[in-house]
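The values are calculated or read from the model by the stated rules, or taken from the named source; none is laboratory data. Since we're looking at a predicted model, the values are computed, not measured. Ideal geometry is used to build each Cβ from the backbone, glycine not excepted, and the neighbour counts take in all protein chains shown.
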Amino acid sequence: MVKIFQQQETWELLSSQAGVTPGSPFQISSSIADQIFLNSNYARRGAMFFNDSKYILYINYAGPAASTSYWTKIFPQEYYEMSLPLFFGEVHGIWNKKDVAGFAMVSEFL
């Protein structure tokens, strides 16, 4: 546990040094409709996303993803790792175009 003190308040952050258990990676097929990539999970210690598609993947926290409403965009054949502080709610994703053979590889760490 890492403690940060600022203006007489204590914030506790999860330490990246603590051990985690990787979940089994799974695929989500490319779609131009919003999809839930990860359900809410307060045990989440991290998450990784790889865009194995020809098109841009938009990731959003706490609501539907769109090309105009997203937390991060992942270009084709690129990787994104959820950063601290972690988000424990639903994670959504959508592509800007459908790639019939494209998908995202997703893994959640607990």
Worksheet item: Looking at segment 39-56, which of its residues are within 15 Å of the chain's Cα centre (by Cα), part of a loop (DSSP other than H, G, I, E, B) and aromatic (Phe, Trp, Tyr)?
Response: Tyr42
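Of the residues that sit in segment 19-48 and are of a type outside the set (Phe, Trp, Tyr) and in contact with a His (Cβ under 8 Å, 6 or more places away or on another chain), which one is surrounded by the fewest Cβ atoms within 10 Å (Cβ to Cβ)? Show your work before the answer.
So the first thing to find is which residues in segment 19-48 are of a type outside the set (Phe, Trp, Tyr), and the list is 19-25, 27-36, 38-41, 43-48.
Right, trim to in contact with a His (Cβ under 8 Å, 6 or more places away or on another chain) and you get 34-36.
Values: Asp34: 16, Gln35: 16, Ile36: 13.
Here the answer is Ile36.
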Discussion item. Would you confirm, using the coordinates I've provided, whether Ala33 is among the small types (Gly, Ala, Ser), more than 23 Å from Pro22 (Cβ to Cβ) and either in contact with a helix residue (DSSP H, G or I) (Cβ under 9 Å, 6 or more places away or on another chain) or modelled with pLDDT of 95 or more (or both)?
Written reply: yes
Worksheet, complete the sentence: Of the residues in segment 62-110, those that are among the charged types (D, E, K, R) and under 14 Å from the mean Cα position of the chain (by Cα) come to Lys73, Glu78, Glu81, Glu90, Glu108
Response to the item:
When restricted to Ile28, Ile36, Ile59, Ile94, the only residue within 12 Å of Ser107 (Cβ to Cβ), β-branched (Val, Ile, Thr) and part of a strand (DSSP E or B) is Ile28
Worksheet item: When the residues of segment 68-109 are filtered to those that are surrounded by fewer than 14 Cβ atoms within 10 Å (Cβ to Cβ) and of a type in the set (Phe, Trp, Tyr), which remaining residue is modelled with the highest pLDDT?
Response: Phe75
Fill in: Near pairs, Cβ below 9 angstrom, 6+ apart or cross-chain, from segment 19-30 (touching a residue at least 40 places away in the same chain (Cβ under 8 Å)) to any residue that is among the aromatic types (Phe, Trp, Tyr) and assigned to a loop (DSSP other than H, G, I, E, B)
Ser30/Tyr55
